[in-house]
1. Using label points projected 7 Å from each Cα along Cα→Cβ, tell me how many nm separate ASP25 and THR226, to one decimal.
2. Any idea how far apart ASP249 and GLN319 come out in nm if each label point goes 7 Å out from Cα toward Cβ?
3. Rank-order 249-255, 299-305 by packing density, defined as the average count of other C-beta atoms within 10 Å over each peptide's residues, highest first.
4. Can you give the charge dipole size of segment 268-338 about its Cα centre, rounded to the nearest 20 debye, using +1 on the beta carbon of Lys and Arg and -1 on the beta carbon of Asp and Glu?
5. Report the Stokes-Einstein translational diffusion coefficient (µm² s⁻¹, integer) for segment 140-262, Rh taken as the Kirkwood radius over Cα pairs, at 25 °C with viscosity 0.890 mPa s.
6. Once fully extended, how much extra length lies between ASP139 and ALA46, figured as 0.36 nm per residue of separation less the alpha-carbon to alpha-carbon distance?
7. Kindly state, to the nearest 0.05, the FRET efficiency for ARG329 paired with ASP190, given R0 = 45 Å and r defined as their beta-carbon distance.
8. When the C-alpha atoms of segment 268-338 are aligned to their principal axes, what extent does each axis show, in angstrom, from largest down?
Amino acid sequence: MRDEPIPSTRFPSMMKDFSLDDELDPLLKEALGWVVRLSSGAATEADARAFEAWRAQGPAHAAAFREATAFSKAVRAMDLGSAGYGDNVVAFAPRPVRSLMSRRAMLTGGGAIAASVAAAMVIQPPLGLWPSFAELAADYRTAIGERRELALADGARVDLNARSALSMLGGERGVSLVTGEAFVALPQSDTDFVVEAGGQRILSRGGRFNVRTSSLQTCVSCLAGTVAWQGGDRQQILQPDQQLSIDADGPVRLAAIDAAAIGSWREGLLVFRNTPLAVALEDINRYRAGHIVLTNSALANRPLNGVFHTDQAENAVAQIQQLLHVGIRHLPGGVVLIG
């Protein structure tokens, strides 16, 4: 049986040996080609825009992409390690010894390993430098520094923060926050409006609340009315000016909040009050190209206090250096190492 390579006009050279069976549907081949491109490690925002233009050509393209992403379920079963503040901390290991495996062995026996690694990179892109599968498949996405207001048919309003992704729930009234942050304003209703985020369920029949989710934690802040949180067999009712934080490694914390600070991003400000640095950097990274990375795990929980303007996010690195007296190193592509 003859193999046919995926068209690789802009694919990195290391992906040129990737091949697909001729019996595959041509549209599915294209979809799998996008899998390769987006998992190449060289994917850019331009690639993401090109993909969205491809997928928007029709329902068949969207269906082919969903089929191509189905293989990610196998990767999710892999032990990729538990999430936590350390997920935003990169340890620099010594340069590995070059493998003695032959090129032929890499192209045959190593093919399955390469595919698994590529799949993992698409599901959890390193440093968040390009969108994940889940983000690309979302109904709504925002780019760096972009905020978007969504008016839903039932009178609900959702404001989506920068670098966030959201989908409508099928079968019930509500939305799924794939990643990022959203503000929800609801009219009074006899039925629950549901927000799913980070494996949690947040329900309300009227009021206003803020939800954010990432690999570090999922956080819901009640600003008006009441909000119910459901996580497995646990639940909690939030009153105005209360916030519930659920860390990826399990701990759940209820605390009082300053509502003005929570909603400040909608006014173009990021207000941090004793915010763990790892969490604060997630907000700042929404508004600047590249990525700020912690290289010292001891800094992850260090509290940050300050006010940052979202339209001047490039100044945040210098401000953090002055506030916390930490070392800074600038790399190409807007990557900044702190530690």
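Values quoted throughout were computed directly from the atomic coordinates according to the rules given, and no laboratory measurement underlies them. Owing to the predicted nature of the structure, the values given are computational and were not obtained by experimental measurement. Methodologically, a virtual Cβ is constructed for each residue, glycine included, from the backbone with ideal geometry; neighbour enumeration extends over all protein chains shown.
1. 4.8 nm
2. In this crude spin-label approximation the distance works out to 2.9 nm.
3. On the way: 249-255: 11.0, 299-305: 16.3.
So the peptides 249-255, 299-305, ranked by packing, come out 299-305, 249-255.
4. Taking the Cα centre of segment 268-338 as origin, the dipole is about 140 debye.
5. Details: Rh = 14.3 Å.
D = 172 µm²/s.
6. Extra length available between ASP139 and ALA46 comes to 31.6 nm.
7. 0.20
8. Largest first, segment 268-338 extends 30, 29, 18 Å along its Cα principal axes.
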